[in-house]
1. If each of T174 and D149 carries a label point 7 Å out from its Cα toward its Cβ, how far apart are those two points in nm?
2. Would you pull out the residues with amide H under 5 Å of L276's amide H, same chain only if 5 or more places away, H placed 1.01 Å from N?
3. When the chain is modelled as a GNM with alpha-carbon springs shorter than 10 Å, which of E223, E137, E204 fluctuates the most?
4. Starting from the amide H of E94, placed 1.01 Å from N in the peptide plane, find each other amide H under 5 Å away whose residue is 5 or more places distant or on another chain.
5. Convex hull over the Cα atoms of region 155-252, averaged projected area in nm²?
6. So the label point goes 7 Å from the Cα of E353 along Cα→C-beta, right? Which residues of region 108-148 then have their backbone N under 18 Å from it?
7. Pick out, from A245, L165, G196, the residue whose Cα sits farthest towards the positive end of the charge dipole of the chain, with +1 on the Cβ of Lys and Arg and -1 on the Cβ of Asp and Glu.
8. How large is ³J(HN,Hα) for each residue in region 162-170, as worked out from phi by the Karplus curve 6.51 cos²θ - 1.76 cosθ + 1.60 (θ = phi - 60°), to whole Hz, x for Gly and Pro?
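The values are calculated or read from the model by the stated rules, or taken from the named source; none is laboratory data. If you're wondering where the values come from, they're calculated on a predicted model, not measured in any experiment. Glycine gets a Cβ as well: all are built from the backbone with ideal geometry, and neighbour counts include every protein chain shown. Protein only, heavy atoms only, side chains kept; ligands, DNA and RNA dropped before computing areas. Shrake-Rupley method; radii C 1.70, N 1.55, O 1.52, S 1.80 Å.
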Amino acid sequence: MKTYQGLAAVAVAVSLLLTGCGGGVNRAASVGNEENIDQAADVYERFNNLEGEERMEELVKAAEAEGKLSVYSTLTPEAAPVVEKAFEAAYDIEVEMPRMSSEDVITKVDTEQAGGNDNGADLLELNGFELTALAAEGHFGEFTGPERDLVVDEGQKDGWTADRLNRFVVARNTEKLPDADWPKRIEDFADPKYQGKLSMEINEVDWFMALRDYYMNEKGMSEGEVTDLFKAIAANSAMVDGHAAQMSQLAAGKYAVAMSTYDYQTAGVANTGAPLSYEPVVQPVVQRPNGVALMNSAPHPAAAYLFYVWILTDGQQVLREAGLTSALKKDANAGLDQGTEIVSVDVEQLKDEFDTYQDMYAEVTGQK
């Protein structure tokens, strides 16, 4: 999972965050933020209880009166400025949206909360793995607006809501692997005829976890059979550190296939003229929710709440135009062939069992 650098580093940061922490509002970790917390809670409750036109009129009025919004985001470098400008064009609010790695967001949030920073983030737009950890620590305010119901069920989480989905697809260099040699399913890549033609990302723990559980729970394979399957695929593969490097090497023809890349990333490189494609889609497709969360100590809570509403409604079109996958139910299979199998990453399981699956992945890929 490479919208950030090094899943293992993030897991360590998450583990440190969760040490000694429970659910609910984390006042002990929010020294000096009590006034912000109380104010934000009142604002969130107010707009959670309003409906219809009155809700939006009052919300826009309050948000524009605040006039500022700070968003910590892991949106792609291409998408972040587009989203920022689109929101500023819609409302009289100045947005700060520095694009960060996930571990930097976690470190910054933890430092601000522990130090009582009254001018920290208003809202996070982040990977589901980290949002789940931060929600467990109690850093988020409550959003119960009707916009949540627009989102796919696996994107409606405690403390946060998915605004986009990361889809892992198998990509190929069409000059190295023509249509006639393109298989239909991931397990087909265990065939020795693909020896030396594949690449796998060294930290793709969430992809591996979702597929391992899928093959065991949905396809009835034993643990040993699944282990042998991934060992066979890995035996045909070179291990590559990072999706960017993987895409570059795939485009250059060093390998014919990348076993797990993001669909938007593949499409973006292909649009530059590289001979890349992920179609026909190899099944199953692994999907992970990324989302938004209100900070419980937001200095600008109304602006944060308005952005939350916007990113789940009008902002979805902005995300789509930036090449990202909408999290809305109505767009559930957009861009995929009818009948494509989608396997969702259980981000709660990933948080709780990361070390276990990291060890499994290292074993099947020969990294330990």
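1. It is 4.3 nm.
2. T174
3. E223
4. Amide H neighbours of E94, under 5 Å, 5+ apart: K68, L69.
5. With the hull built on Cα positions only, its mean projection is 8.1 nm².
6. Those under the cut-off are 129-130, 132-133.
7. Positive-most Cα among the choices belongs to G196.
8. Whole-Hz 3J(HN,Hα) from phi for region 162-170: 5, 10, 7, 10, 8, 10, 8, 10, 8.
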